[in-house]
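Structure record follows, encoded as structure tokens.
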Amino acid sequence: MLGLSMPEDVPIDFDELSYLTLSYYGFDGNTHVGEMIINKEVASEVVDIFKEIYEKKYPIDKIKLIDEYNAVDELSMSDNNSSSFCYRTIKNTNIVSNHGKGLAIDINPIQNPHIVGDDISPKNGYNFKDRTNIKQGMIIEGDDLYNAFIKRGWTWGGHWKNPDYQHFEKKLN
């Protein structure tokens with residue numbers, strides 16, 4: 001992680017993070033095990049969320065550390081990777097993003113793109129811009145994945161003015 005998702009001069013300590021291995025159902029219907037780095041304050045909650053969605057067989061394409069993509073968010077999203085921690089700031093600011101604190105999780109980015117006007121991220125998520133044509137892996141308000149996060153106090157980026165359908169985040173008190 002050092003030099004990739006965790007730059008060497010970052011004001012966050014490894015002691016604030018937890019490494020998780022999570023079982024999930026893949027798009028192929030088989031059980032897989034993925035890796036995720038998350039803020040330790042929400043680690044047990046995240047384990048509970050993923051246990052719940054595993055039991056409900058909610059499909060997730062893959063869960064890998066973003067370091068496998070050299071910590072390049074666009075590469076990770078374009079490969080439909082679900083991930084959490086990657087130290088970065090909010091675009092055009094010096095404010096640390098919730099991903100940079102381990103307090104945000106993106107799920108199935110291709111099926112759940114971030115939409116800003118005509119700009120779709122990741123670009124290969126364009127076919128999922130229409131949220132009425134529900135396909136495997138899409139997060140829909142009220143579905144099992146949405147409910148697993150929301151009932152634990154997470155918020156969904158799908159409700160934003162520029163919807164980020166893949167994104168859930170948690171504010172700590």
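Structure data summary
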| read-out | value |
| --- | --- |
| Probe 1.4 Å, accessible area per residue of the chain, Å² | 50 |
| Cβ-defined net charge surrounding H159, 13 Å radius [Lys, Arg +1; Asp, Glu -1] | -1 |
| Antiparallel bridges, percent of DSSP beta bridges restricted to the chain (to nearest 5) | 85 |
| More than 21 angstrom apart: percent of Cα pairs within segment 6-78 | 34 |
| Trypsin sites (Lys or Arg not before Pro) within segment 1-104: DSSP coil, no more than 10 neighbouring Cβ in 10 Å | K91 |
| Dipole moment magnitude, nearest 20 debye, segment 9-153 about Cα centre, only Lys, Arg, Asp, Glu C-beta charged | 360 |
| Among N162, I105, Y25 - extreme Cα towards positive end, dipole of segment 25-173, charges at beta-carbon | N162 |
| Cβ-placed point charges (K, R +1; D, E -1), dipole of segment 2-50 about Cα centre in debye, nearest 20 | 240 |
| Tail weight of P(r) past 27 Å, computed on alpha-carbon pairs of the chain, percent | 19 |
| Radius, Kirkwood style, for segment 58-120 when every pair of distinct Cα atoms is counted (Å) | 12.2 |
| Protection proxy ranking, peptides 151-160, 127-136, average beta carbon neighbours within 10 Å, highest first | 151-160, 127-136 |
| Carbon + sulfur, % of accessible area of the chain - ligands and nucleic acids excluded, 1.4 Å | 49 |
| Solvent-accessible area of Y146 with every protein chain in place, 1.4 Å probe, in Å² to the nearest 10 | 20 |
| Zero-based 10 Å bins, Cα pair distances in segment 93-173, whole percents | 18, 50, 28, 4 |
| Residue among N147, N124, N94 with the largest mean-square fluctuation in a Gaussian network model of the chain, springs linking Cα atoms under 10 Å | N94 |
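The values are calculated or read from the model by the stated rules, or taken from the named source; none is laboratory data. Quantities reported herein were computed from a predicted structural model and do not represent experimental measurements. Please note: Cβ atoms are built from the backbone with ideal geometry, for glycine as well, and neighbour counts cover all protein chains shown. All accessible areas refer to the heavy atoms of the entire protein, side chains included, with ligands and DNA or RNA removed. Shrake-Rupley method; radii C 1.70, N 1.55, O 1.52, S 1.80 Å.
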